[in-house]
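The structure appears right after this line, and notes come after that.
FYI, it's all coordinate maths here, none of it is from the lab. The shown structure was predicted, so the numbers you read here are calculated from the model rather than taken from an experiment. Don't worry about glycine lacking a Cβ; one is built from the backbone with ideal geometry, like all the others, and counts go over all protein chains shown.
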Amino acid sequence: MEKILFIAHTQADGTLPNAAREALSAALELSGKIAGSTLTVGLFGKDVKPAADAIAACGAASFIGVSGEQFAESRYATDAAAITALARQAGATIVVAPTTSRISRAVAGAAQRLGGRIDTHISGLDVADGAPRLQRWYYRQRMVATQSRSQRPWFLVVDVGVFPAWSGVAGSAPLQSLAVDQDTCTSRTKVIGIQSPSSDTQTIRPEAEVLLVAGAGWTKKQADGQLHIKDAEGIILDFLQKNKASLGSSKSLVDQSSEGESVLPFMSHLNQVGQTGSTPRHPKGLATCCHGEEPHAVGWRFINERRAINLDAGCGWAQGKADVLYVADAFQVMKKVNELLG
Amino acid sequence: MNGGFHIVVCGSIVPDPLQTLAPMEGATGPALKNEMMLPSVLDPWAGHSLYEAANLAKKVPGSKVWLVSLGPKAKLQQLMMSIAQKVAFELVVLDGPASGFTDSTEVAAALAGAIGSIPGLDRSRLLLFGGCASASRDAGVTMQMIGEQLGLTEQFLGVDELTVTENGALRVLERIEGGQYQVSECSAAPAVLAWATGNLPEPPNNPQIGMVNMRTIMPALQKAQTAAVGTGGISYQAVELPSQRRETRIVKDMPADDIAAEIVAWLKG
Ligand SMILES: Cc1cc2nc3c(=O)[nH]c(=O)nc-3n(C[C@H](O)[C@H](O)[C@H](O)COP(=O)(O)OP(=O)(O)OC[C@H]3O[C@@H](n4cnc5c(N)ncnc54)[C@H](O)[C@@H]3O)c2cc1C
């Protein structure tokens, strides 16, 4: 009989991240489909009672929590200890967790302590023959596998944007608090705080409807033989502000900073999409001045509708990677787009 | 830092990202078509961690860098022709698959075993480096599991910056959500740092470094242990290429104003 444990942490404001509510839906779906399984909710953080109450009606059989000041911060030693304690208490055979930076840092360590196995970046989950069967991508989104395991405990870390976020009425969850063996919590690490990237412009918005990708063309010499970096900067920022879009970049553009070339000051490697960058999920994506080479385009796997503006009709986007390629000057087009957006 | 760091970097090969990849059914599970023939590169995020390691070792006297690689010996040897010219390190080779389809638990066990038996490694000064994820399996779990097996419970994931403070503490910037960093301070080694891009460009080739490295690389390749690493308990029901290839509509000779109007209608639609 599978004992399913859903684990999540609270955020600074005491709520669960959206990714956690999505993973909760995944755990509920599994427990609904695996006959005889039970579902436990396991939360960790500074104070987890409000978060447990917020999902009290989810249908889990029990709620366990690890809380206290030492679990307020996201830190490997304490988080790995908390996850291990929750999984032990639940006697979990299957652990479902969201992909957040906090979970990702510590969950594999907990799996190792419990002699378990772990699969991450799960992009689909179903049940076959009474056991989970998952989908995940290999070689940076180039091929997709359907796979399962017989070992337990089995940790399943679900990607963001795959399941709908659970929603329901709040209630009072019968939360059982666990004490964690303090010997397993000792740490020499102190969390100092959160720092935004070099500029104070927030350009990465995972929840945005639209991803705007800027490529190296924005900082290359244009038809008049000149660079137009200031123009590029203005056009891109104006679009982001008007559309509340998230900003992605090609590798070439962000690499220019370490190579000492002219750069767009609000961009860093954190914006990079692709093979060695991120693979964001957005309903729409617009690529500008970006060639659409394969190492870049693999980062677009989860962008549903794709359009590109490029001067080159033979660029990568033309090769089945975008729905529409506008062969045009992105400076002209995007300036006009911004005007129309008002 | 008294006596410097002992920095162990875990990193292996992945297919060159410009190659087209296709899956096939191999003898022991899924594999890539023509896997042994595909040109390969140093796994990018592990590569960044190697360059960061070398840079740190230069700054902190008495430090030393090892590169521990699990992969087919012949392909690692090829890779060394370029990597060995970039930064100084001592190579430790485990001869085995570099496939993304192997189980991370088995990979971690093999690497932890190899690191545990490096002669002269001082675990109290150990910084275990690697990529935050591979470009093959892309699981982001191997470093934590190696760390656990070596008893390292100060761990960082998605690191872009490490500074050693005046009192020898490690100040670490880790990537978190929304393009932000979590800043932490760990009082001293040992620790695990799984790197993202870091801040350094790829070092240029330096034949002198290559000559020094080669003295230890060839013996390391010769005495490489075979690592029995496989797919573990994973059963693969299918591995497929995505079927979706878009029918791209290529719009030429349309005035910029009309294109803009079409894009705005699409954005708002
Ligand atoms: C190991 C490895 C990992 C990599 N990982 C990544 C990755 O994660 N992400 C990534 O992006 N790349 C990655 N790459 C690099 C990738 O192969 C390409 O080199 C890169 O994506 C090119 O960036 P780009 O398209 O912006 O620049 P370029 O190739 O320089 O293209 C610029 C484009 O701008 C267009 N242009 C110029 N002016 C205008 C204008 N006025 N209007 C419209 N179009 C214009 C040009 O026609 C051209 O197509 C990787 C490569 C390797 C080897």
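Table for the structure above
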read-out	value
Amide H partners (placed H, <5 Å) of A:Tyr326, local residues excluded	A:Ala308, A:Ile309, A:Asn310, B:Val251
Cα-based reach from A:Lys190 at 20 Å (exclusive), listing lysines while leaving out same-chain residues under 8 positions away	A:Lys46
Order of A:Cys289, A:Cys185 under a 10 Å beta carbon neighbour criterion, fewest first	A:Cys185, A:Cys289
Euclidean distance between Cα centres, the range A:132-168 to the range B:1-80, Å	26
Relative contact order of the range B:155-245, defined on C-alpha pairs under 8 angstrom at six or more residues apart (%)	23
Assigned charges on the beta-carbon of Lys, Arg, Asp, Glu; the range B:93-176 dipole about Cα centre (debye)	80
Cα-based shape type of the range A:210-341, given that a ≥ b ≥ c are square roots of the gyration tensor eigenvalues and the cut on a/c is 1.5	rounded
Kirkwood-based shape ratio for chain A, expressed as Rg/Rh from alpha carbons	1.03
Cα coordinate range in the range A:216-288, projected on the principal axes (Å, largest first)	36, 28, 19
Shape call, the range A:53-204: gyration tensor on alpha carbons, a/c limit 1.5	rounded
In the range B:163-269, the chymotrypsin sites (Phe, Trp or Tyr not before Pro) that fall in loop regions by DSSP, at most 13 other Cβ within 10 Å	none
Neighbour-count ranking [beta-carbon atoms within 10 angstrom, fewest first] of A:His296, A:His121	A:His121, A:His296
Separation of alpha-carbon centers, the range B:171-215 and the range A:32-87, rounded to whole Å	33
Mean ellipticity per residue at 222 nm, deg cm²/dmol - from DSSP H runs of n ≥ 4 across chain A, formula -39500 (n - 2.57)	-8000 deg cm²/dmol
Residues B:Met24, A:Met267 arranged by fewest to most Cβ contacts within 10 Å	B:Met24, A:Met267
Projected label distance in nm at A:Glu69 and A:His228, using a 7 Å step from Cα toward the beta-carbon	5.8
Average partner coverage of B:13-23, which counts Cβ from other chains inside 10 Å	4
Net charge over other residues, Cβ less than 12 angstrom from the Cβ of B:Met24 (K, R count +1; D, E count -1)	-2
Where trypsin sites (Lys or Arg not before Pro) fall in DSSP loop in the range B:167-269, at most 15 other Cβ within 10 Å	B:Lys223, B:Arg245, B:Arg246, B:Lys252
Lys, Arg +1 and Asp, Glu -1 on Cβ, resulting dipole of the range A:210-341 about Cα centre, debye, nearest 20	440
Loop GluC sites (Glu not before Pro), the range A:242-342 (other Cβ atoms within 10 Å of the site Cβ: 16 or fewer; DSSP)	A:Glu259, A:Glu261
Charged-residue dipole, Cβ positions (Lys, Arg, Asp, Glu), the protein assembly as shown about Cα centre, Debye nearest 20	800
Over the range A:35-120, relative contact order from alpha-carbon pairs under 8 Å, at least 6 apart, %	27
Spatially close lysines, pair count over the range A:210-341: Cα under 19 Å, gap of eight or more or interchain	17
Efficiency of FRET between B:Ala261 and B:Thr20 - r from beta-carbon atoms, R0 51 angstrom, step 0.05	0.85
Over chain B, equivalent-ellipsoid semi-axes from the Cα gyration tensor in Å	35, 26, 19
Percent of Cα pairs exceeding the 38 Å cut-off, where the set is the protein assembly as shown	32
Mean Cα-pair separation over length for chain B, i.e. relative contact order, pairs under 8 Å, 6 or more apart, %	24
Anchor B:Lys58: lysines whose Cα lies under 22 Å away (excluding residues fewer than 8 positions away in-chain)	B:Lys86
